[in-house]
1. Can you find even one residue in the stretch 307-323 that is more than 25 Å from PHE243 (Cβ to Cβ) and under 20 Å from the mean Cα position of the chain (by Cα)?
2. Among LEU223, LEU229, LEU259, which is more than 28 Å from LYS325 (Cβ to Cβ) and among the aliphatic types (A, V, I, L, M)?
3. Hey, can you tell me all the residues within the stretch 1-56 that are part of a helix (DSSP H, G or I), aliphatic (A, V, I, L, M) and either modelled with pLDDT under 90 or crowded, with 20+ Cβ neighbours inside 10 Å (or both)?
4. Would a scan of the stretch 67-87 turn up a residue that is within 15 Å of the chain's Cα centre (by Cα), polar (S, T, N, Q) and in a helix (DSSP H, G or I)?
5. Among the candidates THR60, THR45, single out the residue that is β-branched (Val, Ile, Thr) and over 21 Å from THR135 (Cβ atoms).
6. With touching a residue at least 12 places away in the same chain (Cβ under 8 Å) and under 30 Å from LYS216 (Cβ atoms) as the only criterion, which of PHE331, PHE311 stands out?
7. Does ILE361 meet the test of being in a helix (DSSP H, G or I), under 18 Å from GLY265 (Cβ atoms) and free of Cβ contacts under 8 Å to residues at least 24 places away in the same chain?
Amino acid sequence: MHNPNIFQLFISFLKLGLTAFGGPAMVAYIKGLSVNRNKWLDEDTFKNGVALCQSIPGATAMQMAAYVGLKAKGITGALASYIGFGLPAFVLILVLSAAYAVSHDIPKVVSLFNGLKVIVVAIIANATYSFGESTIKDYRDILLAVASAFLFWLGMSPFVVIIGAAFAGIVFFRSSGFIPSSISPWKPDAILLKQAFLLILISLAGLTGLYFADVKLFKLAALMLKIDLFAFGGGFASLPLMFHEIVNVRGWMDNKTFLDGIALGQVTPGPIVITATFVGYLLYGLTGALAATAAIFTPSFLILIVVTPFFDRLRTSPYFLNVTKGILTSFVGLLFFVTVNFASAIQWDSVRVLLGVAALISLLKKVDILYVVLIGAVISISML
């Protein structure tokens, strides 16, 4: 295997991040970069990384970028590839958020976002279908997903629903755990664990400093930290949590504005959780954007660093597998609820219905999400 330097990792993932549309679909491009072209990782190591990143919270593609850097160059490599991959999305959503803040009342802009809300509903409906197709396998999955959606509809905190689903997974799926017949000997990487512990201390110190510097920013960052900790199943899993906490619980912004933020997030490269930058900017400007962005990515990054040395052991546990399955199944119900909630906020007419159906069909047919959003934007400005 080739041994890249930190700068090479950063630049390589920065370039890839400029075209990182499609969320988890970017994993294939990360493989092309790290396995096929540069030989930083072998095939088996990369596959293990995919399994790991699908089992822990966070945006899968972002996590895979960090995993490649971690395996190639340790924690500094993980930071370089993680920041490089996410930086283009952050810069672009920051610019778009600033433009939105001063222009969202202009008639053409209003028309644009009225149409893009329809596209957002189609995107989340497609995510619900895709999530469900890969997760729902039998009647137990259906029962857990329906129960989760019902509890969310009753107003129960999604964090409580997720924790309940984790325990339900142990009970419902206890007969479905798979234990490999053999596992290679394992020896802990003491240096890696010490570095991870240091990063955790630095993060806690930064959060404490934020509390004394600005309580409002601290509350924003603490919320984003909590959302990321529970976002199992990729970036879309954060949407129900973010929507519930920001719109329903705290009332920091209305349904319409939050939908606009998701729409802007879809025209930028990178994960959909970059919507956190939009939220932070509209609430507290540049410092809010920085605090929200750092917080929404830090927990999942630290979890990746800490769990990687233990993952071969962890994935042999039926309890771990069943807890993960329960959590992922609950997100199908949560995403379904959010789809219905967002759809109910739109004033539907024949044009919007046709636009929504066309967008959903296109997404189901695997048309690139960027094309769907851009074409939807053009139609919105010209017809709605």
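1. Residues of the stretch 307-323 that are more than 25 Å from PHE243 (Cβ to Cβ), as a first pass: 307-322.
Now restrict to residues that are under 20 Å from the mean Cα position of the chain (by Cα): 307-308.
Yes, the stretch 307-323 has at least one match.
2. That would be LEU259, the only listed residue that is more than 28 Å from LYS325 (Cβ to Cβ) and among the aliphatic types (A, V, I, L, M).
3. Across the stretch 1-56, the qualifying residues are LEU9, LEU16, ALA25, MET26, VAL27, ALA28, ILE30, LEU33, VAL35, VAL50, ALA51, LEU52.
4. Looking for residues that are within 15 Å of the chain's Cα centre (by Cα), polar (S, T, N, Q) and in a helix (DSSP H, G or I), one finds none in the stretch 67-87, hence no.
5. Selected residue: THR45, the only one of THR60, THR45 that is β-branched (Val, Ile, Thr) and over 21 Å from THR135 (Cβ atoms).
6. PHE331
7. Working: in a helix (DSSP H, G or I): yes; under 18 Å from GLY265 (Cβ atoms): no; free of Cβ contacts under 8 Å to residues at least 24 places away in the same chain: yes.
No.
Residues checked against (1) farther than 30 Å from LEU33 by Cα; (2) in contact with a helix residue (DSSP H, G or I) (Cβ under 6 Å, 6 or more places away or on another chain):
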| position | (1), (2) |
| --- | --- |
| ALA80 | no, yes |
| ASN114 | yes, no |
| THR128 | no, yes |
| LEU151 | yes, yes |
| GLY155 | yes, no |
| PRO158 | yes, yes |
| PHE167 | yes, no |
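The values are calculated or read from the model by the stated rules, or taken from the named source; none is laboratory data. What you are looking at is a predicted structure, and each value in this text was computed from that prediction instead of being measured. Every residue, glycine as well, gets a Cβ built from its backbone with ideal geometry; the counts of neighbours run over all protein chains shown.
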